[in-house]
Amino acid sequence: MNEMSWPPQVPPPPPSSVPPPMPVAFSGKRGEFFELAKRGAALELVTLGFYRFWLLTDIRRHLWSNTLVDGDAAEYTGRGKELLIGFLVALAILVPIYLGYFLIGLEAEHYQAFASIPLIAFFYLFGQFAIFRARRYRMTRTVWRGVRFWMTGSGWIYALQASLWGLLMILTLGLVLPWRAAALERYKMRHSHYGDLQGSFEGRGWEFFKRGWWLWLLTPIALYIIPIAPFVYAGYKAIEWRWWLSGVRFGGVRLESSLPKSALIGLYWKVIGWMTLLGLVFAVYLALCAVLVASMSGEGLTEFFKTPELMRSIPLLVLLGLGYLVFALALNVVIRVYLTRDLWVIVLGSVNISGIEAAANVAARGDLANALGEGFADGLDVGGF
Amino acid sequence: MDSDAPEISKTPPANAAAYFDGTSSRRRAVTLHFSDRLEIVEGEQTLAVWDYADIRRADSPSGMLRLGCLTAPALARLEVRDNAVATELVSRCANLDENTPGRRGVAVIVGWSIAAAVSIVAVVLFGLPLIADRLAPLVPEAFERRLGDVADSQIKTMFDAKVCDNAAGQKAFVKLVTSIRESAGMDTSVQSGVLSSSLPNAFALPGGRVYLFNGLLAKAENADEIAGVLAHELGHLKHRDSMRGLIRDGSTSFLIGLLFGDITGSSALIFGSRTLVTSSHSREAETNADGFAIDVMHRLGRPAKPTGELLLRVTGKESKGLSIISTHPLSEDRLTRMSREDRSASGPPLLTSEEWRALKSICDGKPDSAKKPDSAKKPDPAKI
């Protein structure tokens, strides 16, 4: 729910005594989320992207507070300002690191041209650290029944593990991915808590492998025959979600997911459809701009297009830049509606929870974590939602 | 009263609500008593008493009013589904929406974002050139040379080029460079060479290195043309333009990257705006280097005009218009300037015709060089 569009009045009518006793449900309206994403994109345009912290927060607040588990809605207590501060802190740390990276690279290049490329590995390590810490931030901002989730564990140990597994991934051409996912998830879940319930992860790499090995074989083909790539990717995501959810435990609370392999294919094709449509609109816009500028320059159209001046005229560049921004933001709205909101709803719909009684009387524990990880994730372009 | 079952009975009592006390996840079915403060009562027992002024709204799904209280545990929540009770509560709690930023919050974000953008753009346009000018002379020469070494090996790899050093040609080249260098008043730390690439280009690297591509030699018709180009590149060295450019471009892309929230500065938009900004500075540097070249040629008693003619021959006619993203001034304008300030030759030719021929064929005997097509990563073809 968006803080600004929420009228300070009484909530709308349907207060029919008790929600039906289904384990997981989503009560948010699609139109509401679309409004939120649309408005956020417009504000991002005006603020040159600074609004992203608040938009991200609003999206999470909407998704969390409309997610009902055993009849009770979750709550996201994070705020945009925290993300902004996390970003600034990350900036303060990353800037000297980039400078050091530049200098070390310079030294390495001194011995051999392009020798600095392996240093990218260092940023991979950093990115994994960011992923862990960002997850910890999100967890500690997640509240259900007045008790928050929280996380322990070390971001650096996680990053080291993830990097070593990453190395194995390269050596085995990605075949160890299921075991990598299982090992990392075990580390994350073992250090996750809901009040005094400790989390754990029971998913096994072998099960993941059994369900998805054929996708591994299809991937090289998909790289050649692009149209099947969305099928492969959507299948992979569906298998991953199902496997991941089915392994999550909090004390005696067990999650189970029945997500079919084909559940997400439609979503990805819808996004591709919108991308194509928006791309076409953008192309038409480009052509119109070029013709407009050409006709204003006074030269003949064909002459104008022949000269390199086409790419040098300021009005054209400004129009292109603006068009590109709007195009990119429109794409963002599409991706947020389909791949964030709709995906969330589909995946939630597949979840069943057993042993929920174990969460009926859990003592609150755990402290808030800072948003440093989110800041790193933002600065390094890694993070999920 | 201890109700383990989360369901409320079929006919909910008046003022029914659900309460979570923030220390345990137990859901308590409570009734609310509206006195001068809000009393939250479970059965006979009063669980909490909240001041109306301290009650704040929390996020909730549609169809529910969810409240927290400043003086209660931070996560204590009261959930009201009944419309009438919710209305009652909203009317009593005056500061309900104090925590939510509202329109003013957004206005503050938008306002400061625009202010930040304006200040970054102002620094990029006016501050950085000043800073780069002051800072470039302070960079130690050793560091600059090291940078040059890096650029050197990268460029050789990128163009797959080797240094041409056929004896007669090299001798002529050294003679030409030495006379220009001495006339320009620069010491022997300047290194120079001809690279076997078919691109018609020449450039100066930080740390005193000047390279001429064989492709430019092939297009040149006499020694004066090449001399002017070399003098132009020496001008860049003398003014430490590449160091200045590095400081300026580096900081520009960093600041613009900052603005768009991407520290690495990789998106297309950043590239676009950076090109616009840096190229205008670079044109200034080119114009200065041209002036330097004209001076040097005059001191040598040789005409500057041939260099302009060579440039025009290389780039072809560039039509007029807003060439704001071009890194160099238009070739016509450069030729015009060089012709305007031209003097007839008063000194001896810089190379004898024999030496000139030797220089033209400096890369011969290395068959793999000249016929190489333009490499895939074609740089700006007019770096002269």
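The values are calculated or read from the model by the stated rules, or taken from the named source; none is laboratory data. It should be emphasised that the depicted structure is a prediction, and the values quoted were computed from it without experimental measurement. Every residue, glycine as well, gets a Cβ built from its backbone with ideal geometry; the counts of neighbours run over all protein chains shown.
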Residues of the stretch B:287-301 satisfying the condition of being under 12 Å from B:ALA231 (Cα atoms) and touching a Pro at 6+ places or on another chain (Cβ under 8 Å): B:ASP290, B:MET297
Tally, over the stretch B:217-232, of residues that are closer than 16 Å to B:ASP290 by Cβ and in contact (Cβ under 8 Å) with a residue 60 or more places away in the chain: 8
Test: residue in the stretch B:100-122 that is over 30 Å from B:MET243 (Cα atoms) and over 43 Å from the mean Cα position of the chain (by Cα): no
Tally, over the stretch B:227-262, of residues that are at pLDDT below 75 and not in a helix (DSSP H, G or I): 3
Residue within the stretch A:150-161 that is within 26 Å of A:LEU68 (Cα to Cα) and among the β-branched types (Val, Ile, Thr) present: yes
Answer from B:ASP133, B:ASP165, B:ASP160 - the residue that is surrounded by fewer than 19 Cβ atoms within 10 Å (Cβ to Cβ), more than 23 Å from B:ILE362 (Cβ to Cβ) and in the same structural domain as B:SER353 (by TED's automatic domain parsing): B:ASP133
Single residue of A:ARG336, A:ARG341, A:ARG365 found to be within 13 Å of chain B (Cβ to nearest Cβ) and of a type in the set (D, E, K, R): A:ARG365
All positions within the stretch B:82-135 that are in contact with a strand residue (DSSP E or B) (Cβ under 6 Å, 6 or more places away or on another chain) and either free of Cβ contacts under 8 Å to residues at least 40 places away in the same chain or farther than 30 Å from B:ASN15 by Cβ (or both): B:ALA86
Some residue of the stretch A:261-280 being surrounded by 13 or more Cβ atoms within 10 Å (Cβ to Cβ), over 22 Å from the mean Cα position of the chain (by Cα) and in contact (Cβ under 8 Å) with a residue 24 or more places away in the chain: no
Residues satisfying the stated conditions in the stretch A:332-375, i.e. within 15 Å of A:THR67 (Cα to Cα) and not in a helix (DSSP H, G or I): A:SER350, A:VAL351, A:ASN352, A:ILE353
Residue within the stretch A:108-122 that is modelled with pLDDT of 75 or more, more than 9 Å from every other protein chain (Cβ to nearest Cβ), more than 19 Å from A:THR142 (Cα to Cα) and surrounded by fewer than 18 Cβ atoms within 10 Å (Cβ to Cβ) present: yes
Close pairs from the stretch B:1-28: first more than 7 Å from chain A (Cβ to nearest Cβ) and surrounded by 15 or more Cβ atoms within 10 Å (Cβ to Cβ), partner in a loop (DSSP other than H, G, I, E, B) and at pLDDT 50 or above, Cβ under 7 Å, at least 6 apart: B:ALA16/B:ASP82; B:ALA18/B:ARG27
Residue in the stretch B:150-160 that is in contact with a helix residue (DSSP H, G or I) (Cβ under 6 Å, 6 or more places away or on another chain), in a helix (DSSP H, G or I) and farther than 25 Å from B:PRO348 by Cα present: yes
Filter result for the condition that a residue is at pLDDT 80 or above, more than 10 Å from chain B (Cβ to nearest Cβ) and under 23 Å from B:LEU255 (Cβ atoms), over A:LEU45, A:LEU55, A:LEU63: A:LEU45
For B:LEU217: the one exception among (1) surrounded by fewer than 22 Cβ atoms within 10 Å (Cβ to Cβ); (2) part of a helix (DSSP H, G or I); (3) not hydroxyl-bearing (Ser, Thr, Tyr): (1)
Residue in the stretch A:147-156 that is under 30 Å from B:GLY68 (Cβ atoms) and assigned to a loop (DSSP other than H, G, I, E, B) present: yes
